[in-house]
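This report refers to the structure that appears directly beneath it.
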Amino acid sequence: MVSTQSVIATNSGLQYLPKSTESVQESSPNQELLPLTAKVNSLDHLEIGGWDVPALVEKFGSPLYIVDEDTLRTACRQYRDALKQHYPGESLVLYASKAWSSLAVCALCGSEGLGIDVVSGGELYTAIQAGVKPDKIYFHGNNKSQAELTLAIETDCIIVVDNWLELETLAALKNQQKEEVQNPTKIMIRFTPGIECHTHEYIRTGHLDSKFGFDPNQLNDVFAFISKEELLSLIGIHAHIGSQIFEVQPHQDLAGVMVDAMTTAMSYNLPIKEINIGGGLGIRYTEADDPPSIETWVHKVSTAMVDACQARQLPLPKLLCEPGRSIIGPACVTAYTVGSQKQIPDIRTYISVDGGMSDNPRPITYQSMYRAVVANRLSEASTETVTIAGKHCESGDVLIKNATLPATQPGDCLVVMATGAYNYSMASNYNRLPRPAAVLVSNNEVNVILQRETYQDLLNQDTLPERIAMGNNSI
Ligand code: LLP
């Protein structure tokens, strides 16, 4: 086993509990590893939203996504209230539902006054079914199909147009509509602002070599085209720089670029009302991550937008941002049950859990780092360095390399923290593992918001041709 002497014995799961503040609402969720309501209870168990985590696993099985309602609502409110406080114009926060799209999460964000950013027909359908009003749904995507565009037109949501094919298809679809149902469809234009940021190359989108959005030098032609289309009403412009960003400067720089693009649009008699600066604020996955708080981020980008408008003597647009990760990421943990262990002398010890890359594909996709605690012995000292592996037929199916934990046994409840964003939404059925259940916890209630998939669910889309079922092998 790898030497463990260097691990400080006082390290334990307790170190990850949120900093205690007067009220939960004062901490910025994206700066914490555990949800804001996380506590240790008298059984030395991790408790979230007033619920004992090992007991939740006993009741609902594992792997289990546990979403803390308080943390989720706090993140929504901090974005919303900070914008109200620091931006003198109108504003709207959109939850980027690609981070976790489901009825409960969309409805909850909607109930906090947020709009929803969707990126496919499926996400659009989910937001609508969750009761979100179409005039607060913004439809992104770099290759929307005709069917998706038709659905968006019928739904009457705002379409964030990404490229020429989409713009021309949309104009054609609108012009084909019968006169009696013709009303202008609201659109925004997405462009690549040419701003670099430091994050994983797969999640960087603001630089010029990106598949998303119009090139900035196409904007004149785009605005000229739109100015002739009576059935397309340009309400704003959009840019998104990237994701899991810890610097604020790129978004501050973005303000000037956006306001310049707004000026260009105005020269085509297109009065832009809204500027959407995208999402991207990072969250804490390990102690090394030190993102700015939601409040600080909003304050700085709001000030930058006000300054950029004042410098050009332009009225303030409605300011939109669309965070995903920093809304849902810190609100959720994934609880697993520990199973087999393998010690390879002088190399490493593997501890396997009952999920893995199917419920959290981020480590294998982006080499993302996570931290874990043993939820049924939270205060026990971390004395071992182990590698936490999933149960998939893939050597790379490792959730955490070199995790420091107390000695574990089969049956222990292992909790991986900050798993709300891009875990469930990118989950798969690799090796035909049913996707986990998710519960929403709050002080008085625990509600299942995603049912655990069953083996039968795995077969629901399968069909077996009759000839093959009958054993007729002739072709
Ligand atoms: N708006 C647009 C147009 C986006 O493309 C994204 C994320 C967001 C907003 C939300 O960004 P956030 O606030 O969540 O950083 N699967 C990757 C992340 C991909 C991000 C895609 N776009 C991951 O697991 O890290």
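The values are calculated or read from the model by the stated rules, or taken from the named source; none is laboratory data. Note that this is a predicted model, so its numbers are computed, not measured. Note: ideal-geometry Cβ built from the backbone for every residue, glycine included; neighbour counts use all protein chains shown. Each accessible area value is taken on the protein alone, full model and side chains, heavy atoms only, with ligands, DNA and RNA left out. Shrake-Rupley method; radii C 1.70, N 1.55, O 1.52, S 1.80 Å.
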Inset, instruction - Hey, could you check the stretch 408-429 for residues that are part of a loop (DSSP other than H, G, I, E, B) and within 11 Å of the ligand (Cβ to nearest atom) and say which is nearest to residue 119 (Cα to Cα)? - result: 422
Inset, instruction - Looking at (1) within 20 Å of residue 337 (Cα to Cα); (2) surrounded by fewer than 20 Cβ atoms within 10 Å (Cβ to Cβ), find the lone condition where residue 19 falls short. - result: (1)
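Conditions (1) crowded, with 22+ Cβ neighbours inside 10 Å; (2) without any contact (Cβ under 8 Å) to a residue 40 or more places away in the chain, marked per residue:
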| residue | (1), (2) |
| --- | --- |
| 40 | no, no |
| 60 | no, no |
| 64 | yes, no |
| 71 | yes, no |
| 75 | yes, no |
| 91 | yes, no |
| 111 | no, yes |
Legend entry - Evaluation of residue 440 against (1) assigned to a loop (DSSP other than H, G, I, E, B); (2) touching an Asp or Glu at 6+ places or on another chain (Cβ under 6 Å) (one fails), failing number: (1)
Inset, instruction - Kindly indicate whether any position in the stretch 317-325 is farther than 19 Å from residue 240 by Cα, within 15 Å of the ligand (Cβ to nearest atom), touching a helix residue (DSSP H, G or I) at 6+ places or on another chain (Cβ under 8 Å) and part of a helix (DSSP H, G or I). - result: no
Legend entry - Long-range neighbours under 8 Å by Cβ, at least six apart or interchain, first residue more than 25 Å from residue 107 (Cβ to Cβ) and open to solvent by 90 Å² or more (accessible area, probe 1.4 Å) within the stretch 446-475, second at pLDDT 95 or above and assigned to a loop (DSSP other than H, G, I, E, B): 455/434
Inset, instruction - Count, please, the residues in the stretch 204-263 that happen to be hydroxyl-bearing (Ser, Thr, Tyr) and either assigned to a helix (DSSP H, G or I) or more than 16 Å from the ligand (Cβ to nearest atom) (or both). - result: 3
Legend entry - Members of the stretch 340-398 found to be among the charged types (D, E, K, R) and more than 16 Å from the ligand (Cβ to nearest atom), listed by number: 342, 346, 348, 354, 371, 377, 380, 384, 391, 394, 397
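One line per residue, one yes/no per condition, for (1) closer than 22 Å to residue 265 by Cα; (2) touching a strand residue (DSSP E or B) at 6+ places or on another chain (Cβ under 6 Å); (3) in a helix (DSSP H, G or I):
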{"residue": "138", "(1), (2), (3)": "yes, yes, no"}
{"residue": "144", "(1), (2), (3)": "no, no, no"}
{"residue": "150", "(1), (2), (3)": "no, no, yes"}
{"residue": "154", "(1), (2), (3)": "no, no, yes"}
{"residue": "159", "(1), (2), (3)": "yes, yes, no"}
{"residue": "165", "(1), (2), (3)": "yes, no, yes"}
{"residue": "169", "(1), (2), (3)": "yes, no, yes"}
{"residue": "186", "(1), (2), (3)": "yes, yes, no"}
